[in-house]
1. For the stretch 119-181, run through the chymotrypsin sites (Phe, Trp or Tyr not before Pro) and keep only the ones in DSSP coil with at most 16 other Cβ atoms within 10 Å of their Cβ.
2. What is the set of long-range amide H partners of Tyr144 at a cut-off below 5 Å, with H atoms built 1.01 Å from backbone N?
3. On full extension of the chain, what length is gained from Ser213 through Asp459, given 0.36 nm per residue of separation minus the C-alpha to C-alpha distance?
4. Could you give the length gained by full extension between Asn244 and Ala270, i.e. 0.36 nm per residue of separation minus their alpha carbon distance, to one decimal place?
5. Check Asn49: other-chain or 5+ apart residues with amide H under 5 Å from its amide H, H built from backbone geometry?
6. With a point put 7 Å past each Cα toward its Cβ, work out how far Gln68 is from Tyr443 in nm, to one decimal.
7. Using a Förster distance of 51 angstrom, determine the FRET efficiency expected from the C-beta separation of His173 and Ser292, and round it to 0.05.
8. Tell me, in nm to one decimal, what length is gained between Tyr313 and Lys183 on full extension, where the rule is 0.36 nm per residue of separation less the Cα-Cα distance?
Amino acid sequence: MELALPNDVLLLIGEEVKQKTDRWNLIFVSHHFHDLFLPLVYRKVSIHNWQDANSFLHVILERPTLAQAVRELDLANWQAKSASDDDCNQIQSSESLRTWLDVVSCSAPETDQWAKGLGQGFVDAWAALILPLLAQLRKLSLAYTTDSPHLDRIMQRAVHFEKPFFAQPAFRHLRKVSLHHRKDLDRSEHLENAGSETQLSSTLLLPFFQLPSVRAITANSVVDPSITTSSSEERTDDEKPRLNFSSITDIDLRASSGNQGMEMLVRACADLKSFKYQHSDSHILSNGYQPSAFHRSLIHSKKSLQTLWLDHYGSHHPFTAAGLNQNHDEWFGSLVDFTALQEVRVRLTNLLDIRYQNEPTTPLIECLPSSIETLYIEGCEERYLGMLLSQLQTVIKNRRTRFPRLKRVDIEGAFHNVPSDDDDQVATYGPEVLDAVIKDKVYQSAEPLHIDCVNAGLDLRLHDRDLPHV
């Protein structure tokens, strides 16, 4: 007797099949399995080049139910490759593609420009043509270039309910967005004119903050949208980008420059729970890392913020556009008012004000909120280690009354022995560092604090970023 399982049960079993190749094999078992599991295969889509995009676009144009099945779209690993003349002719002569272009475009010149971008293999042209079809999209990982006109255009139309988003709000289910700046995908005109830096914040990033369903956003190479360039200075206040309200709760900005503390982004989030920021002075508009600016912007989220990472392994140049770069040692300010804060990862010189003295102007115990659970202190120079250990001992001794939730403390710094000429070795950070260890005297200095932590039930760890194995 043949036992047939209901489709709902079969789909539950299919969802447990994680390997994409195994899911593909399911659709070849029978006609029934093909129709049942094909949408499951399209649940998570990765596109690496224009050929993949072309095939995928034609499939979802011919079978809209498969477009409805897509929950995750990944174009972060796009490989730039222009189409041949024959391929371009085939793309531009595709009836279904031209029909869809007519739907999303507002003019014949725009349609022609879009078709040209498709033939040149531009990621933004293909992505902008695909995205409006994915009404059930939950997660988006997207590569972008210095100039992404097609993506900029489609996202602006999405938030303003313009063509092709007349029928229903765009991206109603999109919750997580990752934007990856790819200089290797830049057009030739931007490679030749390296001095022109387009702000992602003012074009591609801001529309995602205006989508009510989005909760988490990750992006790199973001220049603070509050910063105005010479061209934007000429705009009136009404023409400058604004954000009124955003439902985003998690912001992760990497290799970015937030001279104004990313205030426009932060203040728009009414319930910001996690803010992670990594600074980079590589941007033309960077004036150096200014921690106090982040304190001014984040103070608006003092009752909701639970996770704060500031300048995690950031990049600082001796000189920036503003001249000599000394601001990276500026004090962030007290965290006492951040009453929901549980996890903090910050540089020592931003956690404590020690710019001009060996002892902080405000002791650590007066800088931390009572809600703190995990404290990770980066960039501790060895000369400040004794002071930091003493400050932490005071915190541990007052843990029960002041910091009852504290569970773990991490200290990171340049604590390993560097080979010198006296050792008949050349000082280097090459393969030799793999054999290095944290200095014994560092462990010895930290031993009293380690004992206090053990007695208090806390976990204490020492790190050196050049020693990943430690």
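Quick note: the coordinates plus some simple rules give every number you see, no bench work behind them. Predicted model only: the values in this text are computed from it and were never measured. Reconstructed Cβ throughout: ideal geometry from the backbone, glycine too, with neighbour counts over all protein chains shown.
1. Details: sites: Phe122, Trp126, Tyr144, Phe161, Phe165, Phe166, Phe171; in loops: Phe122, Phe161, Phe165, Phe166, Phe171.
Taking the stretch 119-181 and a limit of 16 other Cβ atoms within 10 Å, the loop chymotrypsin sites (Phe, Trp or Tyr not before Pro) found are Phe161, Phe166.
2. Amide H neighbours of Tyr144, under 5 Å, 5+ apart: His180, His181, Arg182.
3. Working: separation 246, 0.36 × 246 = 88.56 nm, distance 3.77 nm.
Separation in residues times 0.36 nm, less the Cα-Cα distance, equals 84.8 nm.
4. Working: separation 26, 0.36 × 26 = 9.36 nm, distance 0.99 nm.
Working it through step by step, the gained length comes to 8.4 nm.
5. It is Gln79, by chain and number.
6. Here the modelled spin labels are 6.3 nm apart.
7. On the way: r = 38 Å, r/R0 = 0.75.
Efficiency, from the Cβ-Cβ distance: 0.85.
8. Working: separation 130, 0.36 × 130 = 46.80 nm, distance 2.11 nm.
That works out to 44.7 nm of additional length.
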